[in-house]
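Some notes on the structure that comes next.
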Amino acid sequence: MKYLTDKFDLSMVYLSKLSMIRCKKIKKEDILISDELIPLIEDDFVAELVKGLFKINPRKSNIHIMIGENDIVYYIKYVGPKFKGAYFMLDLYEITVDYTECSKCSAKGTIDCKNCGRMDWLSGEEI
């Protein structure tokens, strides 16, 4: 699933052994509007900006989603005073979850695994 939302926290992520949350800053053009995209916007002001910017009607919702490995969250962060047409004050991020099966990543907080090449995993259990 793909979600467009203005709220994100770690409770939305299904974490298992060696989960990595990847977050990268993106541009508006990187978000492909399709039937797969579910726009869930909680803040009324951000909802109006999304409606104007992406030409979609976001669902007003208290956001409760769980994302896994094949899901993408497009997180919209509004950074500034609220005034009409303030599209330039939106920061956009793409958030994904990746799970590894590397048996050498054994300690919590591993920064660099020389076996699988994965870096900066967020959480995990000793194997």
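Every number here is computed from the coordinates shown, using simple stated rules; none is lab data. Here the structure is a predicted model, which means the values were calculated and not measured. Cβ placement follows ideal geometry from the backbone for every residue including glycine, while neighbour counts extend to all protein chains displayed.
In a shell of Cβ-Cβ distance under 12 Å around residue 25, excluding residue 25 itself, what net charge do Lys and Arg (+1) and Asp and Glu (-1) give? Don't jump to the answer; show the numbers that get you there.
On the way: positive: 22, 24, 27, 28, 77; negative: 30, 91, 94.
Around residue 25, the charge tally is +2.
Quantify how much of the Cα-Cα distance distribution of the range 2-99 extends past 20 Å, in percent.
Values: 1638 of 4753 pairs.
That tail contains 34 percent of the Cα-Cα pairs.
Can you pick out the pairs among 24/84; 28/51; 2/84; 28/55; 2/55; 51/82 whose Cα atoms lie more than 21 Å from each other? Could the numbers behind the result be given before it?
Values: 24/84 27 Å; 28/51 13 Å; 2/84 27 Å; 28/55 12 Å; 2/55 17 Å; 51/82 15 Å.
Among 24/84; 28/51; 2/84; 28/55; 2/55; 51/82, the Cα-Cα distance tops 21 Å for 24/84; 2/84.
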